[in-house]
């Protein structure tokens, strides 16, 4: 079977497209309910998947990435995984600790985008559509199954119709907060570049505004300009999708790695901790210490010292003190005195 | 004109101004990212500052699974990009000097970024701009060459380097503490 494909990339791409087509086949009740107005998004998604795998494989083949991913996947089914996943991918607890402003901004942006995708892609691939049963009642069909009936003028239906409007406002608010921060925060100002930091924000803003314009056109202009706006909107979404794996937005599909990393640290930490070769205190799992040594060796970096240890086997304070010994010849790391005030607190 | 950070270890009096200044750098969130070490704490008061030396081939960035540690054109090895850092802490284990710090709550590594907001404009980093004894200096490459020339005068002259004190080439240059004999060090 491995010989059937020219490369790992070809195989992954083929498999994904086939799986997607099968899901479309089933979801659209055997290709009977395809919304052809949305076919551009479908083509865009196929192009996106190609770019995504290209970028993802290049990334995952790097020695440190490969190691953590491989070991992290083996440890995927841990008791703590659901909680870690929710905190890292859903509630963004760690961003909350970086600041309420950034957390609010990220929730608006992140969930605005995720919810939009949850609405858009099922519609694009025909996994979800609406039919009108009796007068005044809508039937929600998911994967060919009638899931629920809602009143056409009820509040659930209202949420359905306006889901993308609501998420558009979320994204616009998030983008504005992010732009404000980028224009004022010193650190951000120093490190940001237009293509990496601003472009994705402008793209999201453009998508949200053109999306809202569709609604505006429907409500206030009797649909004037609707075909043009919908094409502009569609193209902006497709462009962003294709760009997604190559810019800042790539952190969205790559973020689950942080759950793997957390599991990796927790699981191996429970197994065995590495004792510092100088002071004997445990500072990291033995597994990670040897993994880092291995990764560095693959990069032609070796920190084997003549004292008989690798620097990755020393705890951080000892490693810093050891450097003092290399600077002065005095074995600072062997003097049993806790490092003095390092926190500028007087 | 390209300038670089130069550490004249002899001069350090352990005042920790550099630590305090570090906390005030834009984006450092009032937490310092450098260190000051007692060399022989039970015997004398000699201290030496230690901060990221901005390796030319940084082990932290090489060991990062998320490519979160960027290296700028100027050679500054930046703190982890917040959206990329996955909190694995490989960098803290890989760094030969033990520099990167890790915030468990924020699930984020942070390290000396050579005050990139300042140094990219040619302004000295916070630590160098406050150092009262000229331990931390922000100098041009010509000035560095001049200093190194002066230190190469003889076997016992200040700051001669009997062995390689670092692991590989760094963008921050150091001058080891040494013995003054016959030559006056002028800073």
Check residue B:45 against each of (1) part of a loop (DSSP other than H, G, I, E, B); (2) facing another protein chain (nearest Cβ under 8 Å); (3) in contact (Cβ under 8 Å) with a residue 12 or more places away in the chain and name the one condition it does not meet. (2)
Criterion violated by residue B:27 - all others in (1) modelled with pLDDT under 90; (2) more than 7 Å from chain A (Cβ to nearest Cβ); (3) out of contact with any strand residue (DSSP E or B) (no Cβ under 6 Å at 6 or more places or on another chain); (4) part of a loop (DSSP other than H, G, I, E, B) satisfied: (2)
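Look at residue A:313 and say whether it is within 10 Å of chain B (Cβ to nearest Cβ), in contact with a helix residue (DSSP H, G or I) (Cβ under 7 Å, 6 or more places away or on another chain) and modelled with pLDDT under 90.
Working: within 10 Å of chain B (Cβ to nearest Cβ): yes; in contact with a helix residue (DSSP H, G or I) (Cβ under 7 Å, 6 or more places away or on another chain): yes; modelled with pLDDT under 90: no.
No; evaluated as a whole, the condition is false for this residue.
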Just to be sure, is residue A:111 in contact with a strand residue (DSSP E or B) (Cβ under 9 Å, 6 or more places away or on another chain), in the same structural domain as residue A:241 (by TED's automatic domain parsing) and touching a residue at least 40 places away in the same chain (Cβ under 8 Å)? no
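Against the condition under 29 Å from residue B:175 (Cβ atoms) and without any contact (Cβ under 8 Å) to a residue 40 or more places away in the chain, how does residue A:283 come out, does it pass?
Answer is no for this residue.
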A careful count of residues in the range A:286-310 that are crowded, with 18+ Cβ neighbours inside 10 Å, more than 7 Å from chain B (Cβ to nearest Cβ) and more than 33 Å from the chain's Cα centre (by Cα) gives 1
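Can you name the helices (runs of 4 or more DSSP H) wholly within the range A:169-255 that have at least 2 residues being touching a helix residue (DSSP H, G or I) at 6+ places or on another chain (Cβ under 9 Å) and touching a residue at least 24 places away in the same chain (Cβ under 8 Å)? If you could, list the steps in order and put the result at the bottom.
Details: elements: A:186-191, A:199-220, A:226-243, A:251-254.
Qualifying helices (runs of 4 or more DSSP H): A:199-220, A:226-243, A:251-254.
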Selection within the range B:93-122 - within 8 Å of another protein chain (Cβ to nearest Cβ), under 14 Å from residue B:53 (Cα atoms) and touching a strand residue (DSSP E or B) at 6+ places or on another chain (Cβ under 7 Å): B:97
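The values are calculated or read from the model by the stated rules, or taken from the named source; none is laboratory data. None of the values given here were measured: they were computed from a predicted structure. Methodologically, a virtual Cβ is constructed for each residue, glycine included, from the backbone with ideal geometry; neighbour enumeration extends over all protein chains shown.
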